[in-house]
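Take a look at the structure below.
The values are calculated or read from the model by the stated rules, or taken from the named source; none is laboratory data. Everything quoted here is computed from the prediction, not taken from an experiment. For neighbour counting, all protein chains shown are included, and Cβ atoms are generated from backbone atoms with ideal geometry for every residue, glycine included. Ligands, DNA and RNA are excluded from the accessible area calculation, which covers all protein heavy atoms including side chains. Shrake-Rupley method; radii C 1.70, N 1.55, O 1.52, S 1.80 Å.
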Amino acid sequence: MKIYIFVDIEGISGVSSRKYISMDEGRPDLVALARKYMAEDTNACIEGCFRAGATEVIVRDGHGGSSNMTREQIDPRADFIDGMTPGVRFADIEGADGLILLGYHAMAGTAGAVLEHTYSSVEIQNIWLNGRKAGEVGIDAAIAAEHKIPVILVSGDDKVCAEASEWIPGVVTCEVKKSFCSFGARIPSLEKTRALITRKTEEAVRKLREIPCIKLDYPVKYRVELVERRQPTPWAKHIDGRTYEMETDSVEQTLLGKN
């Protein structure tokens with residue numbers, strides 16, 4: 001049984017503000033700490049996978065330039081994808097029985113959610129799939145479904161857990177903090193959250209046959225509202241100066257700018 005773990009950082013245990021994820025905030029010590037927490041959450045998840053009978057686990061560092069964790073930090077039972085994987089969101093996911101979205105955050109604009117955004121707070125305001133506003137959980141679940149793989153577990157704050165439940169029927173969620181705003185949260189001890197991640201992962205892997213892939217009608221109407229204006233292009237319908245829409249047979253390739 002093959003399980004794929006895609007790891008972001010904003011929803012990791014102990015992370016509560018930009019000081020943990022951006023060197024521009026002047027706290028490199030907190031950035032280093034968040035990356036350490038990221039690896040420790042990942043190892044707690046790997047442990048749950050193997051307890052539930054996984055025979056193969058792949059970990060992908062999915063935050064920023066994908067250089068937040070090192071091979072030596074990750075449980076040796078799992079394979080680790082380091083660095084960039086051009087043209088594909090989940091490299092080597094084919095044949096996986098389930099996808100775990102670890103350390104995720106709520107979609108852009110979610111009230112009270114820690115570090116909420118959708119892929120890039122610098123470039124993107126909002127994304128919609130078939131008229132429904134979507135964040136990284138919904139879009140990544142759609143991409144996984146294009147590979148016929150269900151998302152079985154989402155971890156992060158209470159807001160992203162609620163979002164995941166709305167998008168993915170039957171998904172197991174793992175709440176590691178309660179958010180108050182974009183830069184504040186109530187955080188349990190790391191010992192508690194790591195134990196919870198292991199337990200929830202084990203639960204998700206054991207019930208993965210009960211969790212379906214999400215379903216979208218294709219071609220998908222993919223609409224993006226940008227932060228800055230862009231010039232009209234012949235391959236998209238422009239709603240206004242910052243918003244455009246196109247139909248696509250691949251959410252993945254559209255997200256990655258390949259069609």
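Within region 30-39, identify whether any single residue is surrounded by 15 or more Cβ atoms within 10 Å (Cβ to Cβ), within 28 Å of V251 (Cα to Cα) and not acidic (D, E), and answer yes or no. Checking region 30-39: at least one residue is surrounded by 15 or more Cβ atoms within 10 Å (Cβ to Cβ), within 28 Å of V251 (Cα to Cα) and not acidic (D, E). Checking each residue in region 183-212 for being open to solvent by less than 40 Å² (accessible area, probe 1.4 Å) and either without any contact (Cβ under 8 Å) to a residue 60 or more places away in the chain or hydroxyl-bearing (S, T, Y) (or both) picks out T193, L196, T198, T201. Annotation: of all residues in region 200-222 being charged (D, E, K, R) and not in a helix (DSSP H, G or I), the one that is nearest to V172 (Cα to Cα) is K207. Each residue in region 146-158 was checked for being surrounded by 22 or more Cβ atoms within 10 Å (Cβ to Cβ) and within 10 Å of K178 (Cα to Cα), and 2 pass. Considering region 213-246, the residues that are open to solvent by 80 Å² or more (accessible area, probe 1.4 Å) and at pLDDT 95 or above include one that is nearest to A145 (Cα to Cα), namely K215.
Yes/no per residue for (1) within 21 Å of E136 (Cβ to Cβ); (2) part of a helix (DSSP H, G or I):
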| position | (1), (2) |
| --- | --- |
| V224 | yes, no |
| T233 | no, no |
| Y244 | yes, no |
| E247 | no, no |
| Q253 | yes, yes |
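When we screen R89, R71, R51, R60 for residues that are loosely packed, with under 14 Cβ neighbours inside 10 Å and of a type in the set (K, R), the only hit is R71.
Looking only at residues in region 247-259 that are surrounded by fewer than 16 Cβ atoms within 10 Å (Cβ to Cβ) and at pLDDT 90 or above, which one is nearest to A54 (Cα to Cα)?
Residues of region 247-259 surrounded by fewer than 16 Cβ atoms within 10 Å (Cβ to Cβ): 247, 249, 256-259.
Adding the requirement that they be at pLDDT 90 or above leaves 247, 249.
Values: E247: 37, D249: 32 Å.
So, considering only residues that are surrounded by fewer than 16 Cβ atoms within 10 Å (Cβ to Cβ) and at pLDDT 90 or above, the one nearest to A54 (Cα to Cα) is D249.
Filtering region 74-86 to residues that are over 12 Å from I5 (Cα atoms) and open to solvent by 60 Å² or more (accessible area, probe 1.4 Å) leaves P76, R77, D82, M84, P86. Summed over region 161-182, residues that are open to solvent by 50 Å² or more (accessible area, probe 1.4 Å) and of a type in the set (S, T, Y) total 1. Looking only at residues of region 37-66 that are over 16 Å from the mean Cα position of the chain (by Cα) and not in a helix (DSSP H, G or I), we find that the one that is nearest to T198 (Cα to Cα) is A52.
Restricting the search to strands (runs of 3 or more DSSP E) fully inside region 82-182 and requiring at least 3 residues that are within 23 Å of M38 (Cα to Cα) and touching a residue at least 24 places away in the same chain (Cβ under 8 Å) gives 98-104, 151-157, 172-181.
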